[in-house]
Amino acid sequence: MRGGKWLLLVSLYVSQGLPYGFFVQALPVLLRRQGLSLEWIGLSSLLALPWALKFLWAPAVERAFWPGLGRRRSWLLPLQGAMALAMVGLSSWAPARSLGVVLAGVLLINVLSATQDIATDGLALDLLAPEERGLANGVQVAGYRAGMVLGGGALLALFERLGWSWSFLAMGGLLVLLTGPVAAHREAVPVPRAGEERSGVRFWKRVDRWRLGGLLVTYKLGEAFSVGMLRPWMTDQGLSLAEIGWALGVVGFAAGLVGALAGGALVPRLGRRRALELFAALQAVAVAGYALASTQGAGPWLLPLCAAEHLASGMATAALFTCMMDWSSTEAGASDYTFQASLVVISTGAAAALSGVSAAHLGYTGHFSAAALLAGLVPLATRWLAPPGGKVCYPGGGLSKEAA
């Protein structure tokens, strides 16, 4: 891959991770400090619903564009600008002053970011050859996590010094800077396409659709169920915003970045199926560490545990995303990929939303133990759900013979 292609994709995925990292890291802590219950904190994850529903408007993002700007830039440039403006607008509304406005702003930014992701994934599929996908998905996850390090770690660690307004103004400024590579990119003239099917239709024509759909739904389930209550647990342990930001937003996400790059590089060597199973097993071991940690309380082991869990999660995510690209058709790649991503988001979002109910009734130790059990079943489910013969993925995204 040429350097400009790397820079372009990294800038787009960092742009997505920047606001999401802040909301994932800071919002649960701020809500807990205002006395909200664990159930409500868990349900606040439903603000990410646009990421689950984006498959509904993915075909429109693929079809509608201005020829002068290009198929993808027609969406990417205005969406990046709108995200920056939304950040600037939220800088005047702290949760203590108007929690409703803040939550509405989070929802709006998630709509913009999820739509940007559709165009970004389509651009990646346009630019990448099948043999580039393993490493490129490592770079994708790494870029996203780098944005989360900036928005969720660095800014959270400085939040008590900067305050709400300057934190959001800083994120808005960073989004403007990250738009530079998009503005400089020149797209090839799009090839005219026949009438495209609704999002997900081509994916569900595969004869292995139920296996692949089951794999997408279960692969990140246990991890999402676990980490949904990790930040409230750390808050109840007495950790400050800076300490939580350092543990999860800096050390954790930096480890996730390394894991994504390592996982992306290992996928072609291990093979898709073996990588999925191995990385899921590592993820399950790391989640079990949180169950053990909850019996001991916060201590010096917390940083290496967070690093280990994020490292395994980054490797598993890179492997899954590589397969999702392979499972996407060449005719409607962005829609197919978006549909698969929506299945993952629906599954993990539901797990995160229910995590507060679990922790409230089982206690933190019981909750993390249940999450560890779910995560431990994932490698077994992967072996059962993956198509036989080792052909988990189909390079080029071709449909099965029965569906062709």
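Summary table
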quantity	calculated
Likely footprinting exposure, Leu354, Leu362, fewest C-beta neighbours within 10 Å first	Leu362, Leu354
Cα centroid separation, region 265-283 to region 106-184 (Å)	25 Å
Cα lying deepest toward the dipole's positive end in the chain, options Trp301, Pro67, Gly252, charges on Cβ	Pro67
Global geometry of the chain, whether rounded, prolate or oblate, following the gyration tensor of its Cα atoms and the 1.5 cut on a/c	oblate
Packing rank of 229-236, 59-66, where each peptide gets the mean count of other beta carbons within 10 Å, highest leading	229-236, 59-66
Burial ranking of peptide ranges 170-180, 369-379 (average Cβ count within 10 Å, highest at the top)	369-379, 170-180
Region 293-307-region 1-64 distance, computed between alpha-carbon centres (Å)	26 Å
Axial C-alpha extent at least 20 Å, average Kyte-Doolittle at least 0.5 - helices from the chain (DSSP)	3-33, 73-90, 99-127, 159-178, 253-270, 272-293, 302-326, 333-385
Value of [θ]222 nm, deg cm²/dmol, for the chain, DSSP H segments ≥ 4, -39500 (n - 2.57) each, nearest 500	-23500 deg cm²/dmol
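Bear in mind that the values in this text are calculations on the coordinates, not laboratory data. Here the structure is a predicted model, which means the values were calculated and not measured. Don't worry about glycine lacking a Cβ; one is built from the backbone with ideal geometry, like all the others, and counts go over all protein chains shown.
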